Ligand SMILES: [Zn+2]
């Protein structure tokens, strides 16, 4: 289940009902009445951007009309049951670039029923930046996870997410072995042991939340498609955060390397001209 509006909009597949109980209502109220600001790839700019809702008026004729004065969420839900909630967000770079989402409420459950551009279109551009830190074919597998989730194939979607973690660990083990900081046979370690052994170089979020692999494995072996679908938005967001941290660390190392060489070069040049 989505834990915030960004997950609800960006990574929650269609037709996954969200129970509007005690925890669901804040998301619902923000979706309908709140200010929405999300970071997301803009398919028209071809870059990551920020999308926001200009005003509540952009809710259109769905939830926006006739319910604004109702303060209590349960009453609000009752009034708009069956109506379509239209959400329109605008790209910060260009107001003509829009993202549109459609939701409905049926039997006390919030259901995402459509969006444009599609989740896969948005992710295709947004995921491209991770190609530097993911194996060949990894981006395509992430897209496959999203496509499967869109069609309610939760177990299959989770399999692809688990592969991302496995490849990441293998890659770190390979690099650590090349650097002489890891000499264990990774195949003999279980996943928690691998994460512990490689903790110094792994993305922080993965190390601090190492149980995520257990959840993914449980999804593959024990959980139903329906249960996997409930957890998919949170799991996908976690995988994307791990890739983001991996990319950020890679960029930091590269930047430091470039600057170190420049400083060394300059220092040598100044030294050879006897300047202090
Ligand atoms: Zn844009």
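Please treat every number below as a calculation from the coordinates, not as lab data. Note that the structure is predicted; figures quoted are calculated from it, not measured. Note: ideal-geometry Cβ built from the backbone for every residue, glycine included; neighbour counts use all protein chains shown.
Taking 7 Å along the Cα-to-C-beta vector as the label spot, tell me the residue 136-residue 241 distance in nanometres, rounded to one decimal.
So the label points at residue 136 and residue 241 sit 3.3 nm apart.
Specify the residue with the greatest mean-square fluctuation among 255, 98, 174, computed from a Gaussian network of the chain linking alpha-carbon atoms under 10 Å apart.
255
So for the chain, averaging the separation of alpha carbon pairs under 8 Å that are six or more residues apart and normalising by length, what relative contact order in percent results?
For the chain, the relative contact order is 18 percent.
How much length is gained on full extension from residue 171 to residue 151, taking 0.36 nm per residue of separation minus their Cα-Cα distance?
Full extension from residue 171 to residue 151 adds 4.1 nm.
At q = 0.14, 0.17 Å⁻¹, what base-10 log of I(q)/I(0) does the Debye formula yield for the stretch 125-276 when every alpha carbon is treated as an equal point scatterer in vacuo?
One equal scatterer on each Cα of the stretch 125-276 leads to -0.73, -0.99.
Return the whole-Å distance between the Cα centroid of the stretch 191-207 and the Cα centroid of the stretch 26-44.
The stretch 191-207 and the stretch 26-44 have Cα centres separated by 33 Å.
For the chain, take the alpha-carbon Rg, divide it by the Kirkwood Rh, and send me Rg/Rh.
1.08
For the residue pair residue 220 and residue 179, what label-to-label distance in nm results when each label sits 7 Å from Cα along the Cα-to-beta-carbon direction?
The modelled label-to-label distance comes out at 2.7 nm.
Test of understanding: in a Gaussian network model of the chain with alpha carbons linked when under 10 Å, which of 222, 262, 141 would top the mean-square fluctuation ranking?
Among 222, 262, 141, the largest mean-square fluctuation in the Gaussian network model of the chain belongs to 262.
Using Cβ contacts closer than 10 Å as the measure, can you line up 8, 89 from fewest to most?
89, 8
In a Gaussian network model over the chain where Cα atoms closer than 10 Å are linked, find which of 197, 145, 184 has the largest mean-square fluctuation.
184
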